[in-house]
Amino acid sequence: MSIQNELQTTIAELVVKGKGILAADESHPTMAKRFATIKIDSNEESRRAYRSILLTTPNLGDFISGVILFEETLEQKTDDGKLLPAVLADNGMVPGIKVDKGTLPLANASGDLITQGLDGLTERLEGYKVQGARFAKWREVYSISPNNPTQLGMDANAEVLARYAAICQSVGIVPIVEPEVLLDGDHTIDYCFEVTEAVQRAVFHALYRHRVELEYIVLKPSMVMPGKTAQCQANPEEIAEKTLTQLRRSVPAAMPVINFLSGGQTPKEATANLNAINAMAGNAPWELSFSYGRALQQPVLQAWQGEPENSKAAQNALYQRAKLNGAARYGNYSANMENE
Ligand code: 5MM
């Protein structure tokens with residue numbers, strides 16, 4: 001298959017009405033934090049056991065079109081010896097892989113970060129492809145403060161995201177481009193709007209410079225919201241209105257899909273906000289979907305508690321959350337569906 005055909009096929013399988021992406025690509029330190037909430041140790045076996053539960057959830061493919069994996073998971077197996085990426089592929093879900101190597105402070109841009117991992121990326125992607133990955137993910141992180149992000153920070157991060165995306169497409173891997181504006185802080189929703197617009201404009205300029213084909217990427221942005229500790233919080237309709245206005249200003253119509261991250265919203269908030277966005281989207285040129293990590297997995301961890309006998313309950317929790325977000329893809333979710 002030509003590179004172009006590979007990209008086309010993967011996008012077509014990822015962008016499906018009523019479905020979104022599960023982010024299960026936590027690095028070891030993040031997984032340790034998540035497991036600490038249920039007091040279990042993060043080691044190779046506990047991560048394998050947990051991720052096997054996630055990925056073998058019966059009928060997960062009804063609402064999930066792709067799953068982002070961490071490198072280690074590509075080689076891990078279910079209890080009965082099946083490779084986890086193969087479990088996904090056999091159940092109609094596309095395996096993906098996180099390829100960034102985390103962030104470091106950006107020199108001369110105090111308070112801004114920059115993501116590492118471009119060196120040797122082509123070779124790594126070729127290896128991941130052999131292991132079954134067909135799309136990739138790279139996250140740049142932007143904190144909001146009175147001085148951040150700086151223009152230097154936004155330009156440098158955009159350049160790195162675009163270089164990553166161009167490398168992915170050159171080997172037939174669809175890139176998820178994730179510029180995450182963090183929710184931390186007491187900033188207003190309007191300030192978040194301004195920052196998110198500036199960040200995304202820089203990203204799309206860089207994608208253009210690097211000749212990335214927008215038809216074959218997935219944008220994974222944060223929603224436009226007030227900071228977590230802002231005095232004045234916003235309801236889903238306000239968040240939807242600001243998010244859609246900002247996206248219309250910054251995101252070209254050639255983009256097939258926007259899969260939001262949840263960024264520390266509760267599972268219910270993330271679903272209600274996605275629902276409001278879709279209910280208000282009208283004739284938006286892109287599909288509006290989810291690529292949630294915490295907002296899909298929090299209920300699963302709570303149900304599991306590290307106990308094998310809770311596996312079924314954990315899978316039910318994942319299926320239920322994915323189903324509710326599937327409804328939110330159509331703007332058909334309502335809070336009373338939480339108890340069905
Ligand atoms: C699942 O977490 C991903 C990996 O994060 P680290 O590299 O920090 O371990 C993360 O990139 C995630 O995919 C996105 O932030 C979206 O997840 P949330 O939980 O914000 O929906």
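Only the coordinates and a few stated rules stand behind these numbers; no lab work does. Only a predicted model underlies this, so the values are computations on that prediction, with no experimental measurement involved. Here the Cβ positions follow ideal geometry from the backbone for every residue, glycine too, while neighbour counts run over all protein chains shown.
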TODO: Pop a pseudo-label 7 angstrom from the Cα along the beta-carbon direction at both SER170 and ARG248 and give the gap in nm to one decimal.
DONE: 3.8 nm
Open item on the list: Students often check this: by mean Cβ neighbours within 10 Å, which of 253-259, 105-111, 176-182 ranks highest, and how do the rest follow?
Closed with: 176-182, 253-259, 105-111
Open item on the list: Could you tell me the calculated FRET efficiency between GLN151 and THR9, based on Cβ-Cβ distance and R0 = 30 angstrom, to the nearest 0.05?
Closed with: 0.20
Task: At R0 = 51 Å, FRET efficiency that the Cβ-Cβ distance of ALA107 and ASN310 yields, to 0.05 - done: 0.65
Open item on the list: Per 0.36 nm of contour for each residue apart, how much would the distance between MET337 and LYS268 grow if the chain were fully extended, relative to their Cα-Cα spacing?
Closed with: 23.8 nm
- [ ] Of the DSSP beta bridges with both residues in region 3-331, give the percent that are antiparallel, rounding to the nearest 5.
- [x] 15 percent
TODO: Post the alpha-carbon centroid distance, region 310-340 to region 215-273, in whole angstrom.
DONE: 20 Å
Open item on the list: Net charge within 12 Å of GLY66 by Cβ-Cβ distance, Lys/Arg positive one each and Asp/Glu negative one each, not counting GLY66 itself?
Closed with: +2
